[in-house]
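Below: the structure, in structure tokens.
The values are calculated or read from the model by the stated rules, or taken from the named source; none is laboratory data. Keep in mind the model is a prediction, meaning the values are calculated, not measured. Glycine also receives a Cβ, built like all others from the backbone with ideal geometry; neighbour counts cover every protein chain displayed. Protein only, heavy atoms only, side chains kept; ligands, DNA and RNA dropped before computing areas. Shrake-Rupley method; radii C 1.70, N 1.55, O 1.52, S 1.80 Å.
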Amino acid sequence: MPREAEPSANEKAFLLKALQDEQIRLDGREFDAYRPLELTFGDEYGVANVSLGKTKILAKASAEVTVPFADRPLDGIFTIATELSPMTAPHFEVNRPTETEVLLSRLLEKTVRRSGALDTESLCLVAGQKCWSVRVDVHVLSHDGNLTDAACFAVVAALRHFRKPDTSMENGVLTVYTPAEREPVPLGWLHSPFCVTWSFFGDEGETALLDADWMEEQVRVASVTISLNRHGEICQIAKLGGVPVEAVALLQCTSVALTKVKEFSTYLDSKLAEDAKRRDKGGFMAELRAENDRVVG
């Protein structure tokens, strides 16, 4: 397996000196600032393209009718699949998950699926026989640090934007309607959790940075990912090794994370409203109207 490229000793020393002695990040950001976040939706429902600085994520939601699990006959199925290909970075290989990919997949599962963000009971069609299986495929297009926060935002955006076909049940026969027959319906969404990742630097982790880029990730001594929604309900706190972090510092990080999550939620709501307005053609009567826009010249 190819090894990941590492920054040189001089680059590491320069970065640490700038952070600890000069209190400056190489890109000029504040310690608690994110890189520019951009979200665009595709022509199809459920396609979200997220850019966090130079980190780019594409998430696509899809649904199909299947058989529910035997131990959860009244629930639908919800899965998240991640893919880090050689296009992302040379050390990633197809069908050979690295530690980065495994950790990313687990964090997304805990944040979105296990927190009950999606109402899986609303995905049930016939108890124990038929249900919707909703799947989100996460493709990492460019890796420049903080994959977790960008991927989580993309997954939530794709699910909230997605529309599944409408269905009806008559005399025990399930009918799935095409978009031309009936307007697709949104998923049953309960709350929107987002990930906020802090990185710690120094011998005792005394310096905390938000949204570390790839270079900063290479020299950090610990990281903490806090998953919560805009109401302050914490879904998980993941600290995977590294030096210990003081409880007071963790509380301060959580307080800042709540502010950032509220900003994420407001930004996502505005983008969804913009997309809905763009797709709104004035309803069925407007489509039947025989008037055309003509250029008068």
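Summary of computed values
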read-out	value
Test: Phe14 is modelled with pLDDT of 90 or more, hydrophobic (A, V, I, L, M, F, W, C), under 26 Å from the mean Cα position of the chain (by Cα) and surrounded by 10 or more Cβ atoms within 10 Å (Cβ to Cβ)	no
Residue among Ala81, Ala89, Ala59 that is touching a residue at least 60 places away in the same chain (Cβ under 8 Å) and touching a strand residue (DSSP E or B) at 6+ places or on another chain (Cβ under 7 Å)	Ala59
Hits in segment 81-99 - residues which are aliphatic (A, V, I, L, M) and either within 19 Å of the chain's Cα centre (by Cα) or more than 13 Å from Leu147 (Cα to Cα) (or both)	Ala81, Leu84, Met87, Val94
Residue within segment 47-61 that is modelled with pLDDT of 95 or more, farther than 18 Å from Asp144 by Cβ, touching a His at 6+ places or on another chain (Cβ under 7 Å) and not in a loop (DSSP other than H, G, I, E, B) present	yes
Matching residues, segment 100-151, being of a type in the set (D, E, K, R), under 27 Å from His231 (Cα atoms) and modelled with pLDDT under 90	Arg106, Glu109, Lys110, Arg113, Arg114
Matching option when the condition is exposed (fewer than 12 other Cβ atoms within 10 Å of the Cβ) and closer than 30 Å to Arg113 by Cβ, among Pro73, Pro36	Pro36
Identity of the residue in segment 126-180, acidic (Asp, Glu) and closer than 18 Å to Ser105 by Cβ, that ends up nearest to the chain's Cα centre (by Cα)	Asp149
Among (1) among the small types (Gly, Ala, Ser); (2) farther than 16 Å from Thr55 by Cβ; (3) part of a loop (DSSP other than H, G, I, E, B), the one test that Gly145 misses	(2)
Condition check for Val94: surrounded by fewer than 16 Cβ atoms within 10 Å (Cβ to Cβ), at pLDDT below 95 and β-branched (Val, Ile, Thr)	yes
Test: Thr100 is in a loop (DSSP other than H, G, I, E, B), among the β-branched types (Val, Ile, Thr), in contact (Cβ under 8 Å) with a residue 12 or more places away in the chain and over 30 Å from Leu125 (Cβ atoms)	no
Residue in segment 131-138 that is free of Cβ contacts under 8 Å to residues at least 60 places away in the same chain and in a strand (DSSP E or B) present	no
Failed item in (1) of a type outside the set (Ser, Thr, Tyr); (2) in contact with a helix residue (DSSP H, G or I) (Cβ under 9 Å, 6 or more places away or on another chain); (3) closer than 30 Å to Ser265 by Cα; (4) open to solvent by less than 30 Å² (accessible area, probe 1.4 Å), with Pro7 passing the rest	(3)
Residue list for segment 200-236, filter: among the small types (Gly, Ala, Ser) and out of contact with any Gly (no Cβ under 9 Å at 6 or more places or on another chain)	Gly202, Ala208, Ser227, Gly232
Lone qualifier among Ser115, Ser105 - being within 22 Å of Leu187 (Cα to Cα), without any contact (Cβ under 8 Å) to a residue 40 or more places away in the chain and open to solvent by 20 Å² or more (accessible area, probe 1.4 Å)	Ser105
Enumeration of residues in segment 76-85 that are part of a loop (DSSP other than H, G, I, E, B) and either surrounded by fewer than 14 Cβ atoms within 10 Å (Cβ to Cβ) or at pLDDT below 90 (or both)	Leu84, Ser85
